[in-house]
Amino acid sequence: MHPTPRPHDLLWGLRPEHLPQETPAWARAALGGHVPVVVRRAPAEPGWVAVGIRGAAREQRHATWMRMSEISRLVSPQAVVRAGRWRSHAQPQWPALRALRQVAGQLDALGLAWGVTGSLGFELASGIRAAHPDSDLDLSLRAAHPLSRPEARTLCTLLDEAPGRIDLQLETPCGAVALREWAGEAPRVLLKTQDGPLLVSDPWHWQQVAV
């Protein structure tokens, strides 16, 4: 039994024959090679999970849904880090990988539940080429408890000392907020929820107005 999928988790098991008839041909072709899909933040009926299919081209992204019963394997962003394949990547000088090597120990030392997402996370988990030399390092941090804005600024400083750009999303119980936005001065920040974006003053308690 797999854990409940969360946004950015990678899932295996969706096959071309499971897709609706109107699905683009490139998306069907992509799944022909046992390619994983990415859990996305969107509503889903009971027993289903919202996912996205990645194509070979950057603009090829297709939103669909997958039955929970079809999941044969689940890899979380945190599991990508624990697997450690980034330490032996064929392109160690890419800024994203250099940045990952620099911040990994520091984030671990802080006791944070963090992981790699985006194109690099997809490549490290699946072995399928997705990242490139100019890829940013996308990270996800599970923040079950509130992170103060001063703490967010300190974390931003740590990330800014690494080579390459690092984008980190705080995953709160209510949704996701960009670390850099939460570290800023704006009274309200954009929170990505299952039902769409919201402008909130507190990403951990979001009874606010929809965008």
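The values are calculated or read from the model by the stated rules, or taken from the named source; none is laboratory data. Since this is a predicted model, take the numbers as computed values, not measurements. Virtual Cβ from ideal backbone geometry, glycine too; neighbours counted across all protein chains shown. Areas reflect the complete protein model, heavy atoms only, side chains present, ligands, DNA and RNA absent. Shrake-Rupley method; radii C 1.70, N 1.55, O 1.52, S 1.80 Å.
Do we have any residue at all in the range 151-159 that's among the small types (Gly, Ala, Ser) and either modelled with pLDDT of 95 or more or open to solvent by 80 Å² or more (accessible area, probe 1.4 Å) (or both)? There is at least one residue in the range 151-159 that is among the small types (Gly, Ala, Ser) and either modelled with pLDDT of 95 or more or open to solvent by 80 Å² or more (accessible area, probe 1.4 Å) (or both).
The rows are residues; the columns are (1) in a strand (DSSP E or B); (2) free of Cβ contacts under 8 Å to residues at least 24 places away in the same chain.
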| residue | (1), (2) |
| --- | --- |
| THR157 | no, yes |
| ALA162 | no, no |
| GLU181 | no, yes |
| GLU185 | no, yes |
| LYS192 | yes, no |
| LEU199 | yes, yes |
| ASP202 | no, no |
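Of the set (1) over 19 Å from ASP167 (Cα atoms); (2) loosely packed, with under 13 Cβ neighbours inside 10 Å; (3) under 17 Å from the mean Cα position of the chain (by Cα), all apply to ARG58 but (1).
For the range 53-95, a tally of residues being closer than 21 Å to LEU159 by Cβ and part of a strand (DSSP E or B) returns 0. Within the range 120-135, the residues that satisfy the criterion of being in contact with a helix residue (DSSP H, G or I) (Cβ under 6 Å, 6 or more places away or on another chain) and not in a loop (DSSP other than H, G, I, E, B) are LEU120, GLY121, LEU124, ALA125. Considering each residue of the range 122-135 in turn, none proves to be over 25 Å from ALA30 (Cα atoms) and either of a type in the set (A, V, I, L, M) or touching a Cys at 6+ places or on another chain (Cβ under 7 Å) (or both).
So for the range 111-128 (the condition being in contact with a Phe, Trp or Tyr (Cβ under 9 Å, 6 or more places away or on another chain), modelled with pLDDT under 95, under 29 Å from ALA57 (Cβ atoms) and open to solvent by 50 Å² or more (accessible area, probe 1.4 Å)), does at least one residue qualify? Yes; the residues of the range 111-128 include at least one that is in contact with a Phe, Trp or Tyr (Cβ under 9 Å, 6 or more places away or on another chain), modelled with pLDDT under 95, under 29 Å from ALA57 (Cβ atoms) and open to solvent by 50 Å² or more (accessible area, probe 1.4 Å). Cβ-Cβ contacts under 7 Å between residues 6 or more apart (or on different chains), taken from a first residue in the range 86-105 that is under 11 Å from VAL116 (Cβ atoms) to a second residue that is open to solvent by 50 Å² or more (accessible area, probe 1.4 Å), are listed as ALA96/ASP136; LEU97/GLN91.
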